[in-house]
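Everything on this sheet refers to the single structure shown next.
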Amino acid sequence: MELDAWITLAVLIVMLVVLALDRIPPAATVLTATILLLFFGILTEEEAFAGFSNPAPLTVAALYVLARGAEKTGLLGPFVGGVLGKAKDINRLSLTRLLLPTAAVSGFVNNTPLVSMLIGEINSWCAQRNLSPSRLLMPLSFAAILGGTITVIGTSTNLVASGLLEERGEQPLGLFEITPIGGAVALVGLIALLTVVPVLLPLRRDVGKELTDETRDFAIQMKVEDGGSLDGKSVSEAGLRHLEGVYLIEIERGGELITAVSPSRTLRGGDRLTFVGEIERVVDLQKTRGLVSAEADHLLEVDRPGHTFYEAVVGTDSRLAGKTLAELNFRARYQAAVVAIHRAGERVRSKLGQEKIEPGDTLVLLAGTDFRTKSRQNRDFLLVAPLGGDAPTATRKAPIVGGLALAVIGLSAFEVVPIFQAALGAAGLLVLLRVLSLGEARDAIDLNVIVLIAAAFGVGTAMEATGLAEEIASLATSALGGMGDLGLIIALVLATVLVTEIITNNAAVVVILPIGLSIAAAAGMDGRIIAMSIAVAASASFMTPMGYQTNTMVWGPGGYRFFDYIRAGFPVTIAVVMANVAMTYTLA
């Protein structure tokens, strides 16, 4: 090998070691490796930073914004409630109803933000039934990973592979071009996931349950929507009977007050329901389909992109003390709406607008991001703390997000416009239509992932330009040539799976893909098929919490231990490797 190839190999080895040690963020590690290759003169400035103008990372960024719009508007809110429904326990049927649609959606929605959206919904569903989310969250991550292999936009890994092919002067991968391999892998993996994993997964407690706080009950009033999903259903059928941490205590109907609510009581449109419960559960009620806040008209008046919930304690010198919200013209004065009240020692019974505020009351407010700063200018509130969460009125814009998502899928699938242009246009429209603020769109983008993808192109280019990839391919061909094409495919798939568990899925594609393409050229195999096989194998990370982002995301909320991933992920890994090798050998 030439000196440049030896230098590139040294940089590559150091990069892999640093990535495996997990001491430095992967994006910083890969970017540093690219800069070193530039410093040694192996890459030109254009080659080193070409990835930052490549459509792949920009497409991923736009998809993150689209996913944030779906999260904010609750586009997927009915999904968890619909697929898990009234189940009182977690079994294979409930798993099947959750995992199959998750895998299908993951084929068209980047799986990392999708899992991020669903974690909160599943935790809420489990909390309402006093169930552990550990039986759902790891399978959720695995199903999203498998679904992400079905199309080129399902995961950033596929987009990286497509971008690397484009850098070599080839056409980018079509939306469904990867489906023959990815679809087979997803099907076989889901079968393994549904048959074996439920037996192997232990029951764990959510780490949040390990800590206990003093419970403070907040009162909130919700209305049953006329003609909505709960109109005409009984309290039990509506799923309001055994909510965890929040209780339905009375119903007001046409001036009549119904207390000691029976589970068989039929709900009617316009009913005003009073709930009492923990602050987190009270806020969660805002997302319940078929219910709207009794203060919905007030919420609409302060609804703006970026609005969120706050907890505010009324001070003794506050102008609020002794007056009702209506008398204070609260919305106009504070640019905020009250959705719930906590009062120590007693329950608030009046309508919120008619209730006189007392010193020490704690209010749950919906307000803008500057509310906390503005509140410091007066003494009306002793304490203002952000609770997070999106305005419940944002759900009215869910059809906009759904329409844009379908447009992105349809336009790219039928090759009307490239996926990059479609995704970028959708992200821009979300801001223009005020579904998201510019700040929300910016914060939705995971810059670490974007920089990692962009910087990775430089490393791949160096491996190609110096002949290192060809040299490694030649050695592999010589060592495994006696096994024929099947042996080479097995070696590539296993190497990719091993590397992706040690480092990250995107970095694994960067390292293995140039080698795989060189091996394919030497063996006379179809390079695009090999590229897709490697991309799918790079997503097959089930045995560690670090190999794939979604595994990391469910680690804490599921209360898992490191060995849980090995125990549950090993059989899934074996199944998908076999499916990948079989399909690749058939097509290549």
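The values are calculated or read from the model by the stated rules, or taken from the named source; none is laboratory data. What you see is a predicted model; the values in this text were computed from it and never measured. So basically every Cβ, Gly included, is an ideal-geometry build from the backbone, and we count neighbours across all protein chains shown. Keep in mind that these areas ignore ligands, DNA and RNA; they rest on the heavy atoms of the full protein, side chains included. Shrake-Rupley method; radii C 1.70, N 1.55, O 1.52, S 1.80 Å.
Results, tabulated for the structure shown:
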item	result
Segment 140-148 - phi-based ³J(HN,Hα) in whole Hz, Karplus 6.51/-1.76/1.60, Gly and Pro as x	4, 4, 4, 5, 5, 4, 5, x, x
Links that overshoot a 28 Å alpha carbon limit, given the list Lys233/Lys356; Lys233/Lys323; Lys72/Lys356; Lys223/Lys323; Lys323/Lys397	Lys233/Lys356; Lys233/Lys323; Lys72/Lys356; Lys323/Lys397
Ranked packing of 532-540, 258-266, most packed first, by mean Cβ within 10 Å	532-540, 258-266
Residues with amide H under 5 Å from that of Lys223, placed H, sequence gap 5 or more	Leu273, Val292, Ser293, Ala294
Sequence-distant residues sharing a close amide H with Ser234 (under 5 Å, placed H)	Leu267
Per-residue SASA entry for Glu47, accessible area with 1.4 Å probe, Å² rounded to 10	60
By accessible area with a 1.4 Å probe, ligands and nucleic acids excluded, highest first: order of Ser518, Ser106	Ser518, Ser106
Residue order for Phe218, Phe570 - accessible surface, 1.4 angstrom probe, largest first	Phe570, Phe218
Largest-first ordering by accessible area, 1.4 Å probe, given options Asp89, Asp564	Asp89, Asp564
